[in-house]
1. Rg(Cα) of region A:24-146 divided by 2.2 N^0.38 Å?
2. Which distance in nm do the two modelled labels at A:Leu248 and A:Lys181 give, with both placed 7 Å along the Cα-to-Cβ direction?
3. Share of the protein assembly as shown's accessible area from carbon and sulfur, percent, 1.4 Å?
4. Of the DSSP beta bridges with both residues in chain A, give the percent that are antiparallel, rounding to the nearest 5.
5. Using all C-alpha to C-alpha distances in region A:130-195, build P(r) with 5 Å bins and read off the rounded percent in each one.
6. Tell me the relative contact order for chain A as a rounded percent, counting alpha carbon contacts under 8 Å between residues six or more apart.
7. Just for region A:1-158, what percent of DSSP beta bridges are antiparallel, to the closest 5?
8. In whole angstrom, note down how far apart the Cα centers of region A:114-156 and region A:1-64 are.
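The values are calculated or read from the model by the stated rules, or taken from the named source; none is laboratory data. For clarity, every value in this text was computed on a predicted model and none was experimentally measured. Cβ: placed from backbone, ideal geometry, glycine included. Neighbour counts: every protein chain shown. The accessibility values were calculated without ligands, DNA or RNA, using every heavy atom of the protein model including side chains. Shrake-Rupley method; radii C 1.70, N 1.55, O 1.52, S 1.80 Å.
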Amino acid sequence: MNGGRRRPLLLIVDDEPLNARLLSEGLEEDFRAQVAQNGDAALRMAAAEEQPDLILLDVMMPGMDGYEVCRRLKVAAETRDIPVIFVTSMSDEVAEMRGLAVGAVDFIAKPVNLRVTRARILTHLELKRTRDRLAQLSREDALTGIANRRRFDEALEQEWRRSARMRSTLSLVLADIDFFKQFNDRYGHHAGDECLKHVARVMQGAVRRPSDLPARYGGEEFVALLADTTTDGAWRVAEGIRTGIAALGIPHIDSPHGIVTVSCGVATLVASQDDLSTELIRAADRLLYAAKADGRNRVVN
Amino acid sequence: MQTLSPLTRSLPSRMSGFELGAARERLGGNERLLVDLLERFVAEHGGAAAEVDALVAAVQPAHAVAALHRLKGAARIVGADTLSAAAQAAEEGLLHGDRGALAAFRSALADTLASIRTALCEGPPR
């Protein structure tokens, strides 16, 4: 468990010092521990820079009780995914149901048995890791490792609404590898896959801001969603992508350019509440078509 | 939080008023932690009888009940089952306005503290 990796961090919330001591010291071999003696401190520590991996939460506390702490943790986006285990002497089922209803993953009865507690914590940390990994996989393109279509669609929806609200410009670069079918036919699918990975890497390198999202849209089509970006800014990103891919110099003898190139359509809009976000994709697609018709290896906006 | 001090004395196998076997089992046999918790119990809860008496005298029964409830939980951690039962009886009594069980609680607390002090001071050298 400790092999090279940092021990997971527990947040122990208990107003009884003996309990806090029992848990923090008794589990010390496997976990690091922070102790909060009341609900306010617990909420603060849960949202701190190093967030706990799991929270052991007492129910009966003066002031804010454990249920309320849990409810607030589950409402806030930055703390909602931290597993919470209630540690309580109230062994009745009503209390347990209430705890589960506010989002706890488990219950441990006082006085706690350290071996049982340790085993349950490990189980829930493992579940959390699996869940995180699945969530990540479901949003990532398996071949190239960049965002997939699902993640892009979510981000587009979100940015579209934000653009409509803030009256800010939203740009989309749609990039398509030129003559990719011929490339695959000539060099084989393995080379095709490698080519897609190279293009994905260039897409990633071409965007600058954390809010910019490069993604694989499907097949040999890639997108870069650029929030708060004007026509000029988006043009520069697209040119960076186009020249970056040409600079890779991947041979492609069935292309008039002799190397792998991309064509880009760049659309910039201020979203309107009456339109669908697909409007932006449609606009970029029209411009991409123009870039293809115009001789490829170019950016059209 | 400071770490446990090295164990210089071991506890006796039995302590009057305690279910040490069950406590040891819950702590996974961590004797140093048990000693540490017993020391902390004395420091944290040694004055509980006076505290409860003061709260009862000040007609703050809800606070007295809460103090007894806390003590009951702390006693269970270290295996002080006799005290834990006495605290529970006193807590339930006070909830119904009955102070009758307070005397038994006071004496259980005194016995428990004495038992811990004896064990910590006179445990066989390690």
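1. Numbers: Rg = 15.5 Å, N = 123, 2.2 N^0.38 = 13.7 Å.
Against the empirical 2.2 N^0.38 Å value, I get 1.13 for region A:24-146.
2. Inter-label distance under the simple model: 2.1 nm.
3. Answer for the protein assembly as shown: carbon and sulfur cover 50 percent of the accessible area.
4. Numbers: 23 of 43 bridges.
If I count the DSSP bridges inside chain A, around 55 percent turn out antiparallel.
5. In whole percents, the pair-distance histogram is 4, 14, 15, 16, 15, 14, 12, 7, 3, 1.
6. 13
7. 5
8. 23
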